[in-house]
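These notes are about the structure you will find just below.
Each reported figure results from applying straightforward, stated rules to the coordinates on display, with no laboratory input. Since we're looking at a predicted model, the values are computed, not measured. Methodologically, a virtual Cβ is constructed for each residue, glycine included, from the backbone with ideal geometry; neighbour enumeration extends over all protein chains shown.
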Amino acid sequence: MKLNFKSSLLRISLLLALLLILFVMKRTEFLAVDKNPNEYHAPIFFDEKSFFDVILSSEKIEEKTEHVSGGVIPHHLLASDIIVGFFESIPKDQTVERVVLIGPNHYERGDSIFTTSLNGWENPIGNVLPDIKAIEKMRGKLSSLGVDADMMEQEHSIGGIIPFVSYYLPDAKIIPLSISRQAKLSDLEKLTSQLNKISNEKTIFISSVDFSHYLSFSEAEKNDKVTLDLLKTGNLDRLLELNEDYVDSPESLALLLLVMEEREIFSFEVLDHKNSADYTQKKEVETTSYYSLIY
């Protein structure tokens, strides 16, 4: 009888210990949702006067009445008015909890095809937090996704957009993604699959890219039409063959197209199209062109 009592007591103790372990695991997982980063990127691309000057001077854009799922903006801050126009277009009553910000790995730093960061983004307007739980979940499934805070801090296609996210979407967390030119369509498809698993209707996908580089105004206009047509038709194979004469990161555009297709969104609106010559008035020198597209 005593033996049975001791045996039952042991079973109960083991059960309670197991329940305690499960509780701690679940508690840890829950806390990870709001986990704050240990370190922050410095706001090296932010100039307060320039930032607010362009917001105050930009022509007001009518916000969309329909839900915005994604878009394309420039990262050349000469064209900050285009960036402002995109964010102004997002309906004020649309809840945005997460921004997936996609851009090129301009200088091909690091060994990963895709690079992200678990650091927060310091900004005088308000710090922007990474979605640590979502990032870590994707990292567990994608060997091609690496973390490199030093590389990410220097990447202006991401850092240059952070102040706009902070200003217009202050409650949103961010998943920054820099893409190497070595990325293949199969790599982008695998990343798309993981992004769809961690995203919902409160997630916006933004590709931060500049279009034609180092061409005259007239040459850039011709190439921009080619690129826009490829985006409209969804020709990913041809899009990924483009070089900087057309766009600095066709991979970033292709990823956005793949994600939108998974959401059964196949068309976009051209919000703006400009060239650096529109700002400098020098059409015959090397220029950079910009689109703002909204899905």
- Query: Each residue of the stretch 187-193 in order: what ³J(HN,Hα) in whole Hz does its phi give by Karplus 6.51 cos²θ - 1.76 cosθ + 1.60, θ = phi - 60°, with x for Gly and Pro?
  - Reply: 5, 5, 5, 5, 5, 4, 4
- Message: List the aspartates and glutamates whose Cα sits under 20 Å from the Cα of residue 64, skipping any in the same chain fewer than 8 residues away.
- Response: 81, 88, 93, 97, 171, 201, 264, 269, 272
- Query: Which of the chymotrypsin sites (Phe, Trp or Tyr not before Pro) found in the stretch 72-172 are in a DSSP loop and have at most 16 neighbouring Cβ atoms, other than their own, within 10 Å?
  - Reply: 107
- Item | Distant alpha-carbon pairs in the stretch 41-81 (separation over 16 angstrom), percent | 54
- State the percent of C-alpha pairs, over all pairs in the stretch 53-134, separated by a distance greater than 19 angstrom. 55
- Item | Antiparallel content of DSSP bridges confined to the chain, in %, to 5 | 35
- Task: Give a residue-ordered list of calculated ³J(HN,Hα) values for the stretch 210-225 (Karplus: 6.51 cos²θ - 1.76 cosθ + 1.60, θ = phi - 60°; whole Hz; x for Gly, Pro).
- Result: 10, 8, 4, 10, 6, 10, 5, 4, 5, 5, 4, 4, 5, 5, 4, 5
- What area, in nm² and to one decimal, does the C-alpha convex hull of the chain cast on average over all directions? 19.0
- Using alpha-carbon positions, what is the distance between the centroids of the stretch 269-283 and the stretch 74-104, in Å? 17
- What is the magnitude of the charge dipole of the chain about its Cα centre, with +1 placed on the Cβ of each Lys and Arg, -1 on the Cβ of each Asp and Glu, and no other charges, expressed in debye to the nearest 20? 2100
- Quick one: if the Förster radius is 30 Å, what FRET efficiency do residue 228 and residue 136 give, using the C-beta to C-beta distance and rounding to 0.05? 0.25
- Quick one: which residues, 5 or more positions from residue 41 or on another chain, have an amide H under 5 Å from its amide H? H modelled 1.01 Å from N in the peptide plane, none for Pro or chain starts. 120, 121, 122
- Those GluC sites (Glu not before Pro) in the stretch 137-242 that DSSP places in a loop and that have at most 16 other beta carbons within 10 Å: 201, 241
- Take the Cα atoms of the stretch 154-206, build their convex hull, and give its volume per residue in Å³. 89
- Only loop residues by DSSP count here, and only those with at most 16 other Cβ atoms within 10 Å; note down the trypsin sites (Lys or Arg not before Pro) in the stretch 203-295 that meet that. 263, 282, 283
- Task: Please give the length that would be gained between residue 143 and residue 52 if that part of the chain were fully extended, namely 0.36 nm times their separation in residues minus their C-alpha to C-alpha distance (nm, one decimal).
- Result: 28.8 nm
- Query: Want the number for residue 270 to residue 196: 0.36 nm per residue separation, take away the alpha-carbon distance, what's left?
  - Reply: 24.2 nm
- Across 234, 71, 120, the residue with the highest GNM fluctuation in the chain (Cα network, 10 Å cutoff) is 234
- Approximate spin-label separation residue 63-residue 167, in nm, with each point projected 7 Å along Cα-to-Cβ: 1.6
- Expected 222 nm ellipticity per residue - DSSP helices of 4 or more, -39500 (n - 2.57), all of the chain, to 500: -13000 deg cm²/dmol
- Task: Beyond 22 Å, what share of the Cα-Cα pairs of the stretch 83-198 is found? Please give it as a whole percent.
- Result: 32
- Query: Contour minus end-to-end for residue 284 and residue 97, with contour as 0.36 nm per residue of separation and end-to-end as the Cα-Cα distance?
  - Reply: 63.0 nm
- Message: Using only the alpha-carbon atoms, how far is helix 250-262 inclined from the longest principal axis of the chain? Give it as 0 to 90 degrees, nearest 10.
- Response: 60
- Item | Under 5 Å, built H, 5+ apart or other chain: amide partners of residue 246 | 213
